Amino acid sequence: MIQDIYPHVLNNRYAERRDPIQTDQVFLFEANSVLVKTEGEHIELPEVKDIDTEDLIYLFSIDETAYYMCESNVKAPDGYEYAEMRALMSVQWEPEYTAYALMTGYHLYDWYRNNRYCGHCGHEMIHDDTERAQLCPECGHKEYPRINPAVIVGVINGDQILLTRYRIRGNMNALVAGFTEIGETREQTVAREVMEETGLKVKNIRYHKSQPWGIAQDLLMGFYCDVDGDDTITMDAGELKYACWVNREDIVLQPRNYSLTNEMMKRFKEGLSC
């Protein structure tokens, strides 16, 4: 999955931030795009030495390289151009861990741009000096990075699994997915989302693993479960354009092994423990 970057190590401790050096990396985001240079499958981010500004916000480090976000409007270095985030996540990055850096950086960028003013008193926020937070200097209110809990669900019916495709951007196979609502446990979210999207009851809900998915500010939690009783699918046509039971051998995986969804489909396809 995209976060499996070993032997590289992510350090997201804000208290350990440092001043930028010339070879550190910089994210220049513009709406839902980011400035990059592409050469074949090799994708580069600009370095500090390429950017004519000191207006940089420390985000995190991977190994000895720090990553920053630039809030100013600066001239794009030669050879770089803006590319749409979701399009970039469909190609193979080299080095691969840069894709994880990009997704994590976008998560923070989206949070910073949506929390410029205090939700309590309306005053302009500032960056806190001691932790990753937006601080209101007027009333003292703090905002921390938003993380949305969501579930990915592999519903199993013997040697078949329930595959879906979503109505919006649904060009690849997926599993049932959805966000946790107020007052719900993760297991209740699983049962509710499966029922809402496909009309199926489930049992034997079991946790698989989790994944940060920064492009949507999500923390995805993967579960497998078994269909309970009638396996007739009643698809929510407003949410999905496809929902069907698929045999192991007929599963078509996603082109990149970035997502928890793809890993869960792959495990079932290969007959591994689910």
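The values are calculated or read from the model by the stated rules, or taken from the named source; none is laboratory data. Everything numeric in this text was worked out from a predicted model, so none of it was measured. Because the Cβ atoms are built from the backbone with ideal geometry, glycine has one as well, and the counts that use them run over all protein chains shown.
Of note:
- Any hit, the stretch 2-14, residues being in contact with a Lys or Arg (Cβ under 9 Å, 6 or more places away or on another chain), of a type outside the set (Ser, Thr, Tyr) and farther than 13 Å from residue 66 by Cα: yes
- Among the residues of the stretch 241-274, the one identified as at negative phi, exposed (fewer than 14 other Cβ atoms within 10 Å of the Cβ) and among the small types (Gly, Ala, Ser) is 273.
- Candidate set: the stretch 1-49, residues that are of a type in the set (Lys, Arg) and in a loop (DSSP other than H, G, I, E, B); chosen: the one surrounded by the fewest Cβ atoms within 10 Å (Cβ to Cβ): 18
- Verdict on residue 218 being buried (at least 17 other Cβ atoms within 10 Å of the Cβ), touching a residue at least 60 places away in the same chain (Cβ under 8 Å) and among the acidic types (Asp, Glu): yes
- Close pairs (7 angstrom Cβ cut-off, 6 or more residues apart or separate chains): at positive phi and loosely packed, with under 10 Cβ neighbours inside 10 Å in the stretch 226-240, modelled with pLDDT of 95 or more and part of a loop (DSSP other than H, G, I, E, B) anywhere: 229/201
- Matching residues in the stretch 74-130 - criterion: being part of a helix (DSSP H, G or I) and aromatic (Phe, Trp, Tyr): 97, 100, 106, 109, 111, 112
- Residue 178 vs. criteria part of a loop (DSSP other than H, G, I, E, B) and in the same structural domain as residue 243 (by TED's automatic domain parsing): no
- Of the numbered criteria (1) part of a strand (DSSP E or B); (2) closer than 26 Å to residue 93 by Cα, the one residue 262 fails is (1).
- Scanning the stretch 28-47 for residues that are β-branched (Val, Ile, Thr) and touching a Ser or Thr at 6+ places or on another chain (Cβ under 7 Å) returns a single hit, 43.
- Test: residue in the stretch 168-188 that is more than 27 Å from residue 145 (Cα to Cα), touching a Leu at 6+ places or on another chain (Cβ under 8 Å) and of a type in the set (S, T, N, Q): yes
- Across the stretch 61-70, a minimum of one residue is classified as in a strand (DSSP E or B), among the polar types (S, T, N, Q) and either touching a residue at least 12 places away in the same chain (Cβ under 8 Å) or surrounded by 14 or more Cβ atoms within 10 Å (Cβ to Cβ) (or both).
Results for (1) modelled with pLDDT under 95; (2) in a helix (DSSP H, G or I); (3) polar (S, T, N, Q); (4) surrounded by fewer than 19 Cβ atoms within 10 Å (Cβ to Cβ), shown as yes or no for each residue.
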{"site": "155", "(1), (2), (3), (4)": "no, no, no, no"}
{"site": "161", "(1), (2), (3), (4)": "no, no, no, no"}
{"site": "172", "(1), (2), (3), (4)": "yes, no, no, yes"}
{"site": "183", "(1), (2), (3), (4)": "no, no, no, yes"}
{"site": "187", "(1), (2), (3), (4)": "no, yes, no, yes"}
{"site": "191", "(1), (2), (3), (4)": "no, yes, no, no"}
{"site": "196", "(1), (2), (3), (4)": "no, yes, no, yes"}
{"site": "200", "(1), (2), (3), (4)": "no, no, no, no"}
{"site": "209", "(1), (2), (3), (4)": "no, no, no, yes"}
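- The set of residues in the stretch 131-153 that are in a loop (DSSP other than H, G, I, E, B) and closer than 30 Å to residue 222 by Cβ comprises 131, 132, 133, 144, 145, 146, 147.
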